[in-house]
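Everything below concerns the one structure shown next.
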Ligand SMILES: C[S@@+](CC[C@H](N)C(=O)[O-])C[C@H]1O[C@@H](n2cnc3c(N)ncnc32)[C@H](O)[C@@H]1O
């Protein structure tokens, strides 16, 4: 296990959420959901030390862009160093609560994918609702929101419609990878 991850869990257990980074099984299961047959704009929320990021980067084509949004200053500094050589990757050290304004400032609308590792299920309800609202606000009708969680709670949220879900037992803890679209109600709001 990464020592950095362990230190950041100790420093902020609720925000980091799980005791160890995602397994190779989970990161492959998540990254394979992104179709890189054409250039894509992918946003990753809560990349941590970058285990999903590395899988995504490995599959990305030269014209695609990956924006990493990480709140923890140690993780953000680690990501900047790790991906400094890759012009397709941009690290933004900010709260995902500012997602809509961050993307607007970067001239990005309707990203193709938003992949999130933020542990929505175990956080305070009000914060979860605010985060989900800004994610939905940043999505267009074709954007796909991919998240891996301990429960299926988000699949029943009014802002999203579940397209697909798949369990990953080979992870600590076992999680479900969900693929969601913005709901018709959220698109009309
Ligand atoms: C469960 S860890 C996942 C880390 C990594 N994606 C993985 O799968 O191992 C949650 C990550 O979300 C980040 N995070 C939590 N709340 C956040 C927020 N509001 N904005 C941005 N990042 C956040 C944490 O700092 C941490 O890196």
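Among the residues of segment 10-25, the ones that are more than 7 Å from the ligand (Cβ to nearest atom) and either part of a helix (DSSP H, G or I) or within 14 Å of the chain's Cα centre (by Cα) (or both) come to 6 in all.
Quick check: anything in segment 127-138 surrounded by fewer than 21 Cβ atoms within 10 Å (Cβ to Cβ), within 20 Å of residue 9 (Cα to Cα), within 15 Å of the chain's Cα centre (by Cα) and modelled with pLDDT of 95 or more? Give the steps one after another, and end with the answer.
Quick first cut of segment 127-138, residues surrounded by fewer than 21 Cβ atoms within 10 Å (Cβ to Cβ) only: 127-131, 133-134, 137.
Then drop every residue that is not within 20 Å of residue 9 (Cα to Cα), which leaves 127-128.
Still in the list and also within 15 Å of the chain's Cα centre (by Cα): 128.
Of the ones still in play, those that are also modelled with pLDDT of 95 or more are 128.
Yes.
Take the residues in segment 96-117 that are in a helix (DSSP H, G or I) and surrounded by 14 or more Cβ atoms within 10 Å (Cβ to Cβ); name whichever of them is nearest to the ligand (Cβ to nearest atom). Write out each step before concluding.
First, the residues of segment 96-117 that are in a helix (DSSP H, G or I): 96-105.
Now narrow it down to the ones that are surrounded by 14 or more Cβ atoms within 10 Å (Cβ to Cβ): 96-100, 102-103.
On the way: 96: 3, 97: 6, 98: 8, 99: 8, 100: 13, 102: 10, 103: 14 Å.
That would be 96.
Each row is one residue, and each column tells you yes or no for (1) at pLDDT below 95; (2) more than 15 Å from residue 106 (Cα to Cα); (3) within 14 Å of the ligand (Cβ to nearest atom); (4) in a helix (DSSP H, G or I).
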position	(1), (2), (3), (4)
47	no, yes, yes, no
55	no, yes, yes, yes
61	no, yes, no, no
74	no, yes, yes, yes
79	no, yes, yes, yes
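Within segment 139-175, if we keep just the residues that are more than 15 Å from the chain's Cα centre (by Cα) and either on the phi > 0 side of the Ramachandran plot or assigned to a helix (DSSP H, G or I) (or both), the residue that is surrounded by the most Cβ atoms within 10 Å (Cβ to Cβ) turns out to be 155.
The values are calculated or read from the model by the stated rules, or taken from the named source; none is laboratory data. The shown structure was predicted, so the numbers you read here are calculated from the model rather than taken from an experiment. FYI the Cβ positions are ideal-geometry reconstructions off the backbone, even for glycines, and counts take in every protein chain you see.
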